[in-house]
Amino acid sequence: MIRAENLFFSYTGSRPFVLDGINLDIKDGEYVSVVGENGCGKSTLMRLILKFLKPTRGTIVLQAKRIGYVPQKNDFSSTGFPITVYEMLNSYRRLLKIRDKDIIQENLGLVGLTGFSGALMGTLSGGQSQKALIARALMGSPDLLILDEPSTGVDVDSQREIYGLIKKLNVENGITIVSVEHNLDAAISNSTLIYHLSAGHGHFCTPQKYAAEYLRGKGEDDGNA
């Protein structure tokens with residue numbers, strides 16, 4: 001689904017590199033959580049995959065036919081732009097040249113927002129807003145869904161619903177998931193693989209192995225407190 005070979009990236013075009021020789025192979029049907037400290041290059045890697053940025057060196061090959069993207073931030077809430085949930089989804093439907101308007105209500109039902117089509121985006125809670133953005137990302141029936149920290153600004157109950165939805169999309173709908181995560185517990189519970197980035201380098205490990213390392217690290221931190 002996604003393959004990166006000897007991938008280097010720098011915003012200046014020279015050293016130091018944000019990503020330094022990354023090799024990445026994500027197969028169809030995987031649920032991969034990308035984790036690491038702030039500033040390690042997680043979001044940069046996603047922007048490269050989405051082709052918002054170009055590699056300084058190396059290659060990225062995508063075999064996905066359609067990609068859905070869920071950003072970290074809901075700009076409609078921050079700007080107060082008066083657009084309803086239906087209007088947002090309908091504008092995206094028209095952009096994708098999808099004729100069937102019923103897909104809007106279908107996607108709202110899929111994410112648990114039936115009855116919210118007339119609500120203004122800026123009035124939604126964090127969880128509702130995130131669900132609306134997922135509904136938008138699903139509009140083109142993607143085979144790859146990329147999310148940037150999907151639980152940011154979301155209460156605990158809504159986080160549970162959102163991760164349940166993402167897992168369902170992966171398992172039942174066969175959508176490959178790549179999610180930038182700061183929520184390590186959710187990453188461990190839901191992913192098929194963890195991709196850990198540190199100092200520009202990355203490696204894959206199983207959620208079980210990462211959980212052992214993560215819990216050991218928490219224990220060491222608690223012991224040093």
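Since every read-out is calculated from the coordinates, none of them should be taken as a lab result. All values reported here derive from a predicted model rather than from experimental measurement. All Cβ positions, glycine included, derive from the backbone under ideal geometry; neighbour counts span all protein chains shown.
Grab the alpha carbons of the chain, take their convex hull, and tell me the volume per residue in Å³. Mind showing how you got there, number by number?
Working: hull volume 31.6 nm³, N = 225.
Residue-normalised Cα hull volume stands at 140 Å³.
Enter the Cα centre distance for the pair region 122-137 and region 25-47, rounded to the nearest angstrom.
Here the answer is 22 Å between Cα centres.
So if R0 is 30 Å, what FRET efficiency would Ile98 and Phe52 give, r being the distance between their Cβ atoms, rounded to the nearest 0.05? Write out the running numbers ahead of the final one.
Details: r = 23 Å, r/R0 = 0.77.
For R0 = 30 Å, the calculated efficiency reads 0.85.
Shape verdict for region 2-98, please, from the Cα gyration tensor: rounded (a/c under 1.5), prolate (a/b greater than b/c) or oblate. Intermediate results must be reported in sequence, preceding the final value.
Numbers: a/c = 2.31, a/b = 1.65, b/c = 1.40.
In terms of gyration-tensor shape, prolate.
What residues have an amide H closer than 5 Å to that of Val154, excluding those fewer than 5 places away on the same chain, when H is modeled at 1.01 Å from N in the peptide plane?
For Val154, no residues qualify.
Among Asn38, Asn107, Asn90, which one moves the most in a GNM of the chain with springs linking Cα atoms closer than 10 Å?
Ranking Asn38, Asn107, Asn90 by mean-square fluctuation puts Asn38 first.
Ignoring chymotrypsin sites (Phe, Trp or Tyr not before Pro) that are buried or in helix or strand per DSSP, and keeping those with at most 13 other beta carbon atoms within 10 Å, what is the longest stretch of the chain between them? Kindly include the intermediate steps, with their values, before the conclusion.
On the way: sites that count: Tyr11, Phe52.
Result for the longest clean stretch: 53-225.
Rounded to whole Å and sorted largest first, list the principal axis extents of the Cα atoms in region 73-142.
30, 22, 21
Figure the gain on full extension for Glu213 and Asn6 (residue separation times 0.36 nm, minus the Cα-Cα span) and round it to one decimal in nm. Numbers along the way, then the final one.
Working: separation 207, 0.36 × 207 = 74.52 nm, distance 2.65 nm.
Length gained, Glu213 through Asn6: 71.9 nm.
If you restrict to DSSP beta bridges whose two residues both lie in the chain, what percentage is antiparallel, to the nearest 5?
Values: 17 of 34 bridges.
Rounded to the nearest five, the antiparallel share is 50 percent.
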